[in-house]
Amino acid sequence: MSVFALDTHHTIAHLPLPQGADVVKFDPGLRRAYAACSSGVIAVYQENDPEHFSKLEDFPVQRLVHSLAVDAATHRVYAPEQEEDGEPIARMIIYEAVEPALKKR
């Protein structure tokens, strides 16, 4: 994943993403980026300052999580699951932002 400054048109950081990364969302209040990865993790990154980012963790989730949404007011992360341990399912999982990164609600 590349972090790009739109105002100066330069790349700030290159960050490794797990296999199957799809959707990336940013929480401006916590200054965290979340990437949904179909390999079974949500990758969590912290903006330390405008020029530096660091990876907090690969939070384990069910495989095939392709999307997520971030509520900037509550800092909750919403991720739809389509399977559980290989079996079809349709549900929305809500995660709380904690130190260092996420906790299933």
note = Selection over segment 67-87 where residues are touching a strand residue (DSSP E or B) at 6+ places or on another chain (Cβ under 7 Å) and either part of a strand (DSSP E or B) or surrounded by 15 or more Cβ atoms within 10 Å (Cβ to Cβ) (or both) yields a count of 12
Residues of segment 42-61 satisfying the condition of being crowded, with 18+ Cβ neighbours inside 10 Å and either in contact with a Cys (Cβ under 9 Å, 6 or more places away or on another chain) or assigned to a loop (DSSP other than H, G, I, E, B) (or both) = A43, D58, V61
request  = Could you list, in sequence order, all residues of segment 88-105 that are assigned to a loop (DSSP other than H, G, I, E, B), free of Cβ contacts under 8 Å to residues at least 60 places away in the same chain and not charged (D, E, K, R)?
outcome  = V98, P100
Output for segment 13-58, where each listed residue is among the hydrophobic types (A, V, I, L, M, F, W, C) and under 14 Å from H75 (Cα atoms) = F26, L30, A33, V44
inquiry  = Just to be sure before I move on: is V23 within 13 Å of H66 (Cβ to Cβ) and not aromatic (F, W, Y) in the structure I sent?
reply    = yes
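Bear in mind these aren't lab numbers, they're just calculated from the coordinates by the rules spelled out. Everything numeric here is computed off the predicted structure, so don't read it as measured data. Methodologically, a virtual Cβ is constructed for each residue, glycine included, from the backbone with ideal geometry; neighbour enumeration extends over all protein chains shown.
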